[in-house]
1. Could you work out how much longer the chain between B:Lys251 and B:Asp340 gets when fully extended? Use 0.36 nm per residue separation minus the Cα distance between them, nm to one decimal.
2. So, R0 is 56 Å and r is the distance between the beta-carbons of A:Asn20 and B:Glu12; what FRET efficiency does that work out to, to 0.05?
3. Calculate the mean, over all residues of peptide A:385-398, of how many other protein chain Cβ atoms lie within 10 angstrom of the residue's Cβ.
4. Taking loop as defined by DSSP and a crowding limit of 14 other beta carbons within 10 Å, which trypsin sites (Lys or Arg not before Pro) in segment A:107-146 fit?
5. Compare the peptides A:69-79, A:203-213 by average per-residue count of other Cβ atoms within 10 angstrom and give them in order, highest first.
6. Starting from the 7 Å offset along Cα-to-Cβ, what nm value, one decimal, do you get for the label separation of A:Glu397 and A:Phe65?
7. Have a look at the DSSP beta bridges in segment B:291-399 and tell me what percent are antiparallel, nearest 5.
8. Between B:Glu139 and B:Asn353, what is the spin-label point distance in nm, taking each point 7 Å from the Cα along the Cα→C-beta axis?
2 protein chains.
Amino acid sequence: METKLYQGDCLELSKTIPDNSIDLVYLDPPFFTQKVQKLGARDRRKAFSFSDVWRSLDEYADFIFLRLREFHRVLAATGSIFFHCDHNASHVARLLLDEVFGKKMFRSEIIWHYRRWSNSQRSLLPAHQNLYFYSKTDEYKFREVLQEYSPSTNVDQMLQKRARDEFGKSAYARNEDGSLIPDGYKKGVPLSDVWDIPFLNPRAKERVGYPTQKPVLLLERIIEISTDESDWVLDPFCGSGTALVASILLKRNSIGIDISQEAIEVSRKRLVNPEKTESYLLRRGRDTYQQADEDALAYLKGLDMVPVQRNSGIDALLKTGFQGGPVPIRIQRPGESLLDAARSLYNAAKTKNASVMILVATETGAGFDAASSIPPEVFVIDATANAIHRLLKELEEEKE
Amino acid sequence: METKLYQGDCLELSKTIPDNSIDLVYLDPPFFTQKVQKLGARDRRKAFSFSDVWRSLDEYADFIFLRLREFHRVLAATGSIFFHCDHNASHVARLLLDEVFGKKMFRSEIIWHYRRWSNSQRSLLPAHQNLYFYSKTDEYKFREVLQEYSPSTNVDQMLQKRARDEFGKSAYARNEDGSLIPDGYKKGVPLSDVWDIPFLNPRAKERVGYPTQKPVLLLERIIEISTDESDWVLDPFCGSGTALVASILLKRNSIGIDISQEAIEVSRKRLVNPEKTESYLLRRGRDTYQQADEDALAYLKGLDMVPVQRNSGIDALLKTGFQGGPVPIRIQRPGESLLDAARSLYNAAKTKNASVMILVATETGAGFDAASSIPPEVFVIDATANAIHRLLKELEEEKE
DNA sequence: AAAGTAAATGAATCAGTAA
DNA sequence: GTTACTGATTCATTTACTT
């Protein structure tokens, strides 16, 4: 396996790469932020024409266009290109790719979706970037990647064969007597074009101090669907070298180019020991954080609260707070004693400056008898069902 | 509230709309594709095709450009436009919007993400569409919508204030004694630009046989973030009228235009009873299947009861009964007064030999003040949320 | 009791935004 | 520009649970 690194302009350097020798080009050029000139007021009445816009698209388009032509040349007939950009450049990227590769070679617009911080209140929180996937010809490589079925999928859907009905519509295949024809278990659903991959966190070890660094997992997925082992990957704006790391991990050859000497040095250091951070979130999935179980929260229907996931003692916080402090809420678990629940709540909330903590009692029986040893900050509230039982019990006793 | 429907070319018809009179334009023009759209499952024999007029990109761009200028004119200074398209037209849409509204008026690229079935093996499964959100000026309306915190967010993040330490670094704010300074009120996080909304289930009631029909929830979200009540919404390619339905549900005025007589008729029928059929997925999340009309019964979580289906006064019966008679239960409905709810329960249950009837109070506010006129058989129980509010109110008063 | 593991949670950072 | 504020994530540390 080879990994080559060059410092310089990728336009010049890619000219030294032979025709049809590369299987995948991944490019993540600097984001486009320049202004595009508008048509003058006198042109307003004119019909819109692309040539006008084209002319007004400045050096950025030019810059990319020249390089795309080289990348097209070096790609093998079975090769693909993935163009990474954000909303500033996405339309420019599309136009240029259509121009150089051809409209019909468009394969997918991939949305890389992540969650991120920000206090934006006058706009939606940006939480995605775009990748355009084009192939050089119709003979492009595409390695099938399957994902798990969605949890709401019907078992029949996974098991049954399809056929066409008399109008050409797809339907479950049936025998003459109308019974369904089962099929073997299918392996999963095809990978969708929206990829939920966590943004590389500022604290991640994987970070090498390069601000635009991409997660290795994103690059691995791109390489997996479009290449085979020992194929050649080219990243002409390689930055901190994530594509090269992913290539090494997946046993692909790779060429990285960057204009910045610093980027090359960062990459070179990183390639000595190519690593992928196996963060908890990536390894185990988002669901593992979901510990505030739906079941418990259901008791709080109609309450204006925020569920709390990462704390074993607190299930939710009241949105309004109380006298400047938060109001933590806990639901008694099945089988858990009221006293245990109260202690667990108290311990989790005591450092949070809460003057009122609320415990919702869900278990009938024992009830408030243990009340004496419950900390004074903890107020016990009956769940509706419990309140009903208590009422009936009281009525019963009254009668006696 | 007004809802107007016109059949004709939106270019001509929008010329009759006064300047600055519209608050939101939502447009979902026929997708730019060579394929002819076919009618859905409802009636396969009837051919339903958008006139496949656009033979070249320029022609399509011209068509849209002329209309966008009109939409820009009719928009108020605080108004916004949402342009719905898929990957075939997204770059064209961006260029035209940049041209007509200005590059700086770009607000967001919204990704509508959905899951659906396909057997595509040579490509990624298309699972999103794009919406471009532009405003007419910088004074655009934007109504804050909040979502829940990500599961990986910890309580301290939600609760604690920040400050700068002596080196100017951000840190949690502390008192002199080292204790943390809390911040009780937290509302949630800003809405992101990737919206996970299920594709309209082919079986949903909402479906009226129009191939490109959008979920009402998608349109509701667009209308909510960009308009206030009684604002004007314009949908110049209204199709089956989803934007109009959402406008009615959210108490906005609206104008729908479509070139097809059939679309206008479909819309007109639909507007008679604008109904929102929420899919299973939306109501309860992806992993739970839930019976219909569970909304009220959710308050009774943990109670051993039988739901009552065909009785407007009684929601459930306690399985155990009380002193030989049944125990009917009713949940107070949103907006319903406690007294009304009590009467409705009493009337429904008086012939059922019940000595105890239970009314669950879900609305905060008025409370038990009307208790005097409630029949003695009816016992009012606070829903958990209500009990919590009552407790906090009492604590507040104690302190005074 | 001591040691080793797993889980809980506190601290820190930012191709974030807003005024 | 400059400064203040945000929350998703992950690292580091503490606490809790096993042997």
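Quick note: the coordinates plus some simple rules give every number you see, no bench work behind them. This is a predicted model, so every value here is computed, not measured. Don't worry about glycine lacking a Cβ; one is built from the backbone with ideal geometry, like all the others, and counts go over all protein chains shown.
1. Gain in length upon complete extension: 29.4 nm.
2. Values: r = 53 Å, r/R0 = 0.95.
For A:Asn20 and B:Glu12, the calculated efficiency is 0.60.
3. On the way: counts 11, 4, 9, 13, 5, 1, 7, 9, 0, 1, 5, 2, 0, 0.
For peptide A:385-398, the averaged partner shielding equals 5.
4. Details: sites: A:Arg107, A:Arg115, A:Arg116, A:Arg122, A:Lys136, A:Lys141, A:Arg143; in loops: A:Arg115, A:Arg116, A:Arg122, A:Lys136, A:Lys141, A:Arg143.
Answer by residue number: A:Arg116, A:Arg122, A:Arg143.
5. Details: A:69-79: 19.9, A:203-213: 13.4.
Highest mean packing first, the order is A:69-79, A:203-213.
6. Computed distance between label sites A:Glu397 and A:Phe65 equals 8.7 nm.
7. Numbers: 6 of 14 bridges.
Antiparallel bridges make up about 45 percent of those DSSP assigns within segment B:291-399.
8. 7.1 nm
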